[in-house]
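Have a look at this one before I ask anything.
The values are calculated or read from the model by the stated rules, or taken from the named source; none is laboratory data. For clarity, every value in this text was computed on a predicted model and none was experimentally measured. FYI the Cβ positions are ideal-geometry reconstructions off the backbone, even for glycines, and counts take in every protein chain you see. These area figures cover heavy atoms from the full protein model, side chains too; ligands, DNA and RNA do not enter into them. Shrake-Rupley method; radii C 1.70, N 1.55, O 1.52, S 1.80 Å.
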Amino acid sequence: DFGATLERWIAPLFEAQPAVFDRGRDRILRAAAARLADVGATLHPDQRDELMFDLVLRAPFAAINHPERTFLAAAIHHRYTKEEPANSEAYERLLSEEQRAASAALGAALRLGADISGRARTILDDFALTMERGVLTLSYKANRAHLVTEQATKRLEPLAAILGVECQIVSGLRR
């Protein structure tokens, strides 16, 4: 159930962004990416980004076209690294600059959500990711302050940089 929670958690951020395919397809691709976000967790860290890109790019998913498949593969790749996929003709040919940036942002958001929560639904529910007036804010319930470490900042800042906004972390989430 973590994938569904992760999908809901990142949705408000991406609903505020311009569509890269169309709103409906973007939602479907985000949902798929959230559910695939941890498939490569057990792979060796030096190789999992490229292995996951290739796995998702070649997986037998139905009802998905080549650019969407490449976008999904790139998002999962960016879940594990900030770097672009190496030696990928599909990434270069099939995705626009906007789609590449959106896949990087999606991957960074997946990484942030997974890392701050330890991939636990109940913990992720105590965090929120919002964007208002050009500031990306990670807020949390006071009882989760011990989880807001340097790692949280390390994951939030690249996402903000991709989106071209400032970022902050604040306590006081009420839900």
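Considering the dipole of the stretch 53-138 built from charges on the beta carbon (Lys and Arg +1, Asp and Glu -1) around the Cα centre, which of 129, 60, 90 is farthest to its positive end?
Farthest along the dipole direction, towards plus: 60.
Residues of the stretch 138-164 with the amide nitrogen closer than 19 Å to a label point 7 Å from the Cα of residue 174, along Cα-to-Cβ, please.
138-145
Residue by residue through the stretch 41-49, which ³J(HN,Hα) values in whole Hz follow from phi under the Karplus form 6.51 cos²θ - 1.76 cosθ + 1.60 (θ = phi - 60°), with glycine and proline marked x?
4, 8, 7, 5, x, 6, 10, 5, 4
Could you give the size of the charge dipole of the stretch 82-151 about its Cα centre, using +1 on the Cβ of each K and R and -1 on the Cβ of each D and E, expressed in debye and rounded to the nearest 20?
Working: 9 positive and 11 negative charges, 72 e Å.
The calculation lands at about 340 debye.
Another question, if that's okay. Sorting check: for 96-104, 57-65, 69-77, which peptide has the highest mean count of neighbouring beta carbons within 10 Å, and how do the rest follow?
69-77, 96-104, 57-65
Additional query: For mean projected area of the Cα convex hull in nm², several values are listed as (1) 14.6; (2) 12.9; (3) 9.8; flag the one computed from this structure.
Correct label, based on the coordinates given: (3).
Dipole size in debye (nearest 20) for the chain around its Cα centre, Lys and Arg Cβ +1, Asp and Glu Cβ -1?
640
How much of the accessible area of the chain, probe 1.4 Å, is carbon plus sulfur, in whole percent? Write down the numbers at each step before the final one.
Values: 4480 of 8900 Å².
Percent of accessible area from carbon and sulfur atoms in the chain: 50.
For the peptides 162-169, 124-131, 49-56, what is the packing order when you average, over each peptide's residues, the other Cβ atoms within 10 Å and list the highest mean first? Could you put the intermediate results ahead of the total?
Numbers: 162-169: 15.5, 124-131: 18.6, 49-56: 20.4.
Descending packing order for the listed peptides: 49-56, 124-131, 162-169.
Efficiency by 1/(1 + (r/R0)^6): what FRET value for residue 28 and residue 143, r their Cβ-Cβ distance, R0 = 35 Å, to the nearest 0.05?
The computed FRET efficiency comes out at 0.55.
Roughly what would the spin-label model give for residue 42 and residue 66, points 7 Å off Cα along C-beta, in nm?
Here the modelled spin labels are 3.3 nm apart.
So, one more: For labels at residue 150 and residue 35 in the simple 7 Å Cα→Cβ model, what's the distance in nm?
Each label point is offset 7 Å from its Cα along the Cβ direction, giving 3.8 nm.
If you average the alpha carbon positions of the stretch 1-21 and of the stretch 125-170, how far apart do those two centres end up, in angstrom?
The stretch 1-21 and the stretch 125-170 have Cα centres spaced 15 Å from each other.
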